[in-house]
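Undergrad: Right, I'll just put the structure down here and ask away after.
We did not get these values from a lab; they are worked out from the coordinates using the rules stated. Computed from a prediction, not measured in an experiment: that's the story for all the values here. When we count neighbours, we look across all protein chains shown, and the Cβ atoms used for this are built from the backbone with ideal geometry, even at glycine.
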Amino acid sequence: MGFDTTSIASSDTFAALQTGVVEGLAGSTPAGAYLNYRDIIDYYYVYQMSPEVTQIMISEKTLAKLSPEDQKTIVDICRQECANSVNYAKEEDEKYLKLMEDNGIKIVRFTDEEIEMFAEAVRTNVWPQLAKTYGEDFINELLKLYK
């Protein structure tokens, strides 16, 4: 996205922002920005690039002990909750964007066209570099999902 970046420990981010060692951060959801940095940030740019992932796990051994019907029920519930999480995340984002705005933080939103330009630039320029680490097959599967 054109920024000069460095990685720092999450626990050091507040102090780094507060002292000016870093000028910004990426990867924080609206909730994370509000709850952790609202006292020291002036702007929040809504790039829509920071998903929060909730994991639902069950061991294969435990799942195998259940009846096929119970296995299907668990899988169906997990799929439904994952699908619901998208709407929940949108609501949660809007809630925290409003709270930031109420606290004097300027919220910068981009048009759908601008968001798509950012996304396409990342898919074109960054994902091929990731193929070196994760493999071409993985990246090609991602590209299928987002084309």
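Undergrad: Checking the cross-link filter: which aspartates and glutamates have an alpha carbon closer than 18 Å to that of Lys61, excluding same-chain neighbours under 8 positions apart?
TA: Within the straight-line cut-off, Lys61 pairs with Glu69, Asp70.
Undergrad: On to the next question. Using the basic label-point model (7 angstrom from Cα toward the beta carbon), what is the Leu145 to Tyr45 distance in nanometres?
TA: Output for this residue pair reads 2.4 nm.
Undergrad: Based on the Cβ-Cβ distance of Ala119 and Phe14, what FRET efficiency does E = 1/(1 + (r/R0)^6) give at R0 = 22 Å, to the nearest 0.05?
TA: 0.15
Undergrad: Once each part is reduced to its C-alpha centroid, what is the distance from segment 32-74 to segment 91-147 in angstrom?
TA: 17 Å
Undergrad: Another one. Mind sorting out which of (1) 33, 22, 17; (2) 31, 16, 15; (3) 21, 19, 14 is the real semi-axes √(5λ) of the Cα gyration tensor in Å computed from the coordinates?
TA: (1)
Undergrad: Rounded to the nearest 0.05, what FRET efficiency do Ile56 and Lys95 have when you use their Cβ-Cβ distance and R0 = 30 Å?
TA: The calculated FRET efficiency here is 0.80.
Undergrad: Given segment 26-92, what whole percent of its Cα pairs are spread farther than 20 Å?
TA: Result: 49 percent of Cα pairs exceed 20 Å.
Undergrad: Oh, and also: Return the calculated 222 nm mean residue ellipticity for the chain, to the nearest 500 deg cm²/dmol, obtained by summing -39500 (n - 2.57) across DSSP H runs with n ≥ 4 and dividing by the residue count.
TA: -20000 deg cm²/dmol
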